[in-house]
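One structure is given below, encoded as structure tokens.
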Amino acid sequence: MRAILARALDAAAALFFESAHNFSRYPCRVPRLAANLSLLFPQLDFLDRFAAAARAGFRYVEYQFPYAFGSAAEVAARAREAGVEVVLHNLPAGDAQQGDRGIACQPARVAEFREGVERAIEYAKAAGCPRLNALAGIAPAGVAPELLFETLVENLRYAAARLKGAGLTLLTEPANTRTIPGFYLNTSRQAVEAIDAAGSANLMLQYDIFHMQIVEGDLAKTIERLLPRIGHMQLADVPERHEPGTGEINFDFLLPHIDRIGYQGWIGCEYNPAGDTLEGLRWAKPFLK
């Protein structure tokens with residue numbers, strides 16, 4: 001069955017590249033897009049998505065949590081075999097089945113957070129991944145705001161120091177509370193305040209266009225203002241978190257703008273495809289090899 005799926009994807013990819021020039025709307029080849037393998041190609045097993053991304057034209061990939069899908073060596077081997085570069089994944093973020101969306105702000109789970117830092121470094125080093133994202137998580141009830149902030153800052157400072165020794169960059173990101181009710185960091189300003197308080201040179205902002213459009217809007221000016229602080233970006237359209245062109249964000253303007261202001265990093269395609277992944281990638285053709 002996997003072989004059949006792979007052949008079907010190859011055929012679809014060929015058709016996609018043959019016809020997609022009709023859908024090229026953007027005047028530049030920047031930014032560098034990374035396929036988010038946690039969300040794209042959902043019909044395939046996770047480890048098979050590296051090759052699918054390469055066939056679709058991606059040179060770079062990211063993913064959320066690789067830990068359940070194989071050892072660090074196994075995950076890294078799939079990336080190498082596919083010929084793609086891993087540019088981002090998250091630190092362990094607790095138990096999603098129990099409602100966890102990160103644990104960095106939770107005072108009772110500092111030891112668990114620190115254990116997760118070591119595990120994430122192992123996976124990142126094996127795959128040659130240069131940056132890791134620490135999710136603040138949902139604020140636990142009954143904990144003073146000052147203690148939540150102090151815990152987050154200390155965890156970020158600790159993780160940044162450990163990552164610095166491994167030659168890696170740490171990120172943290174704000175998220176909207178419509179998608180993740182109770183998430184501790186909601187705005188770019190809050191995230192930058194935590195980053196500044198941690199005072200670590202290798203700690204930067206992960207700016208997710210989907211989340212920030214919902215929370216604060218003014219995307220173009222905010223990205224331009226925060227550009228020196230941004231270590232990675234992600235995209236999805238609003239409101240349904242599908243691919244660009246399915247919602248309210250004007251990516252025809254925004255992506256060339258991000259190029260013009262000099263962003264040199266990657267933008268992760270962290271969206272849920274509205275239908276078939278390859279059909280939904282027609283918007284991305286100008287940026288893919």
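Laboratory data are not the source of any read-out in this text; all were calculated from the coordinates shown. If you're wondering where the values come from, they're calculated on a predicted model, not measured in any experiment. When we count neighbours, we look across all protein chains shown, and the Cβ atoms used for this are built from the backbone with ideal geometry, even at glycine.
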How compact and how long is the chain, expressed as Rg and Dmax of its alpha-carbon atoms in Å?
-> 18.5, 57
What residue among 201, 72, 136 has the largest mean-square fluctuation in a Gaussian network model of the chain, using Cα springs under 10 Å?
-> 201
Quick one: check the C-alpha center-to-center distance for the stretch 35-78 versus the stretch 89-144, whole angstrom.
-> 20
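Report the relative contact order of the chain, percent, no decimals, based on alpha-carbon pairs under 8 angstrom and at least 6 residues apart. Spell out each step's value before the answer.
Details: 546 pairs, mean separation 64.3, N = 289.
For the chain, the relative contact order is 22 percent.
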Whole-Hz couplings from phi, Karplus 6.51/-1.76/1.60, listed for the stretch 106-121; x for Gly and Pro = 9, x, 6, 10, 4, 4, 5, 4, 5, 4, x, 4, 5, 5, 5, 4
Which percentage, to the nearest 5, of the DSSP beta bridges contained in the chain is antiparallel?
-> 5
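Mind ranking 36-45, 125-134 by how tightly packed they are, going by the mean number of other C-beta atoms within 10 angstrom, highest first?
Numbers: 36-45: 19.8, 125-134: 21.3.
The peptides rank, most packed first, as 125-134, 36-45.
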Helix 145-165 versus the longest principal axis of the chain: what is the Cα-based angle in degrees, 0 to 90, to the nearest 10?
-> 60
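Under unit Cβ charges (Lys, Arg +1; Asp, Glu -1), what dipole magnitude, rounded to 20 debye, does the stretch 2-287 have relative to its Cα centre? Could you put the intermediate results ahead of the total?
On the way: 28 positive and 33 negative charges, 139 e Å.
Charge dipole, the stretch 2-287, about its Cα centre: 660 debye, nearest 20.
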Within 10 Å, count the other beta carbons around each residue, average over each peptide in 76-87, 108-119, and list them highest first.
-> 76-87, 108-119
